[in-house]
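Peer 1: To start, I am sharing the structure in question, which I have written as structure tokens.
The values are calculated or read from the model by the stated rules, or taken from the named source; none is laboratory data. Nothing here was measured: the structure is a model prediction, and the numbers come from that model. For neighbour counting, all protein chains shown are included, and Cβ atoms are generated from backbone atoms with ideal geometry for every residue, glycine included. Areas reflect the complete protein model, heavy atoms only, side chains present, ligands, DNA and RNA absent. Shrake-Rupley method; radii C 1.70, N 1.55, O 1.52, S 1.80 Å.
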Amino acid sequence: VLIDIKDEVARGAALDIQQAAPLLNSDSIVTGTSDPQAIAGAELVVVSAGLHRKPGMDRSELLESNAAILGDIIENVAKYAPQSLLIIASNPADILTYFAWKRTAWPEKRVIGLSGVLDSARMAAFIAMETGFSISDINALVLGGHGDAMVPLPRYSCIRGIPISHFLNDEATKQIVQRTRKAGSEILGLKKNSSAYNAPAGAIYTMVEAIAKDKKRILPCISVLNGEFGYKNMAMGVPCVIGADGIEKVIEIDLNKEETTLLKRSVDSIANDLEKLDMLITPDQNIYKYLPN
Ligand code: 2OP
């Protein structure tokens, strides 16, 4: 079921998907509505509502408007689908994932944010474009916040198990890292009236499939941290085992000095936004201050 405050828009989008079902050999029934109660009993809810950036804007600039939009939505999810898992795709995704976790007071594993699957796919696409090798053999990893300070990790990226440093020199790798960080803005700058759409949709599909089929995939997702990588009371992209229970485990990988510094920079930028969120939410729902261990 698709939900939008504009009832007819939701119904139209649902009909469009329904009419694609025969072509995808799918017997799914897709409906659209503005009634939040339609999610009653849902096992998984994906929230992608909110404003998108205009060219030149930072994702953080969406915080105030999108926290306001998500406040009501999260309340309805907690009310009508209290047993569900929640995927947050709205921006700024790290902050809003944390916000959703605080608002629902659900266990950390049930609130998952979209970031690393998308950012890693972008990095993999750029590696494929640069090397000419099949995307089937390319594996990339991006951690940290879903902002310009995200941390693409060349050392953990490979082509059929062979580190990318075997194929790419430092300069080429640096360009790929930079382009990955700005990949969303690059698309926004070209399309002007819409941010990226297909790659985020594909990333959400990947996460939903891992949950629905209990695949135990290792996917970089935004998780609320409780000491992992040395951080707590905040959320950011980390490697997660994703299955039917949501984030079944956070996998802590070794980071060298440079990677640790870059992650800290990304954390600082998230912390800055969390401070703003602190001012936006009412005192009784106050977030804890972010505290590196
Ligand atoms: C992106 O990176 C919309 O944040 C999304 O394209």
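Peer 1: Cross-link partners among lysines for LYS276, C-alpha distance below 25 Å, same-chain residues fewer than 8 apart left out?
Peer 2: List returned: LYS54, LYS102, LYS109, LYS182, LYS232, LYS264, LYS289.
Peer 1: Compute the relative contact order of segment 27-161 as a whole-number percentage, counting only Cα pairs closer than 8 Å that sit 6 or more residues apart in sequence.
Peer 2: 20
Peer 1: Could I ask something else about it? Post the alpha-carbon centroid distance, segment 119-176 to segment 41-102, in whole angstrom.
Peer 2: 28
Peer 1: Scan around GLY32 for amide H atoms under 5 Å from its own, H built in the peptide plane at 1.01 Å from N, and keep only partners 5 or more places away or cross-chain.
Peer 2: LEU2
Peer 1: Could you pull out every residue, at least 5 positions away or on a different chain, whose amide H is within less than 5 Å of the one on ASN233? Hs are placed 1.01 Å off N in the peptide plane, and Pro or chain starts have none.
Peer 2: LEU225, GLY227
Peer 1: Gaussian network model of the chain, Cα springs within a sub-10 Å range: biggest mean-square fluctuation belongs to which of ILE95, ILE176, ILE251?
Peer 2: Highest fluctuation of the listed residues: ILE251.
Peer 1: Considering only SER48, ALA68, GLY12, whose Cα is most displaced toward the positive end of the charge dipole of segment 1-105, charges sitting on Cβ of Lys, Arg (+1) and Asp, Glu (-1)?
Peer 2: In segment 1-105, that residue is ALA68.
Peer 1: Can you list the residues, at least 5 places off or on another chain, whose amide H is less than 5 Å from the amide H of LEU44, using H built in the peptide plane?
Peer 2: It is LEU85, by chain and number.
Peer 1: Suppose we look only past 27 Å in the calculated P(r) of the chain. What percent of the Cα-Cα pairs does that tail hold?
Peer 2: Of the Cα pairs, 40 percent sit more than 27 Å apart.
Peer 1: Also, quick follow-up: Rolling a 1.4 Å sphere over the protein heavy atoms, what is the accessible area per residue of the chain, to the nearest Å²?
Peer 2: Details: 15010 Å² over 293 residues.
Accessible surface, normalised per residue, equals 51 Å².
Peer 1: What is the extension gain from ALA68 to ASP245, computed as 0.36 nm multiplied by their sequence separation minus the C-alpha to C-alpha distance, in nm to one decimal?
Peer 2: 60.9 nm
Peer 1: Also: First compute the accessible area of the chain with a 1.4 Å probe, then give the percent of it belonging to carbon and sulfur atoms.
Peer 2: Here carbon and sulfur together make up 53 percent of the probe-accessible area.
Peer 1: Using the beta-carbon distance between ILE29 and GLU61 and R0 = 41 Å, what value does 1/(1 + (r/R0)^6) give for FRET efficiency, to the nearest 0.05?
Peer 2: 0.60
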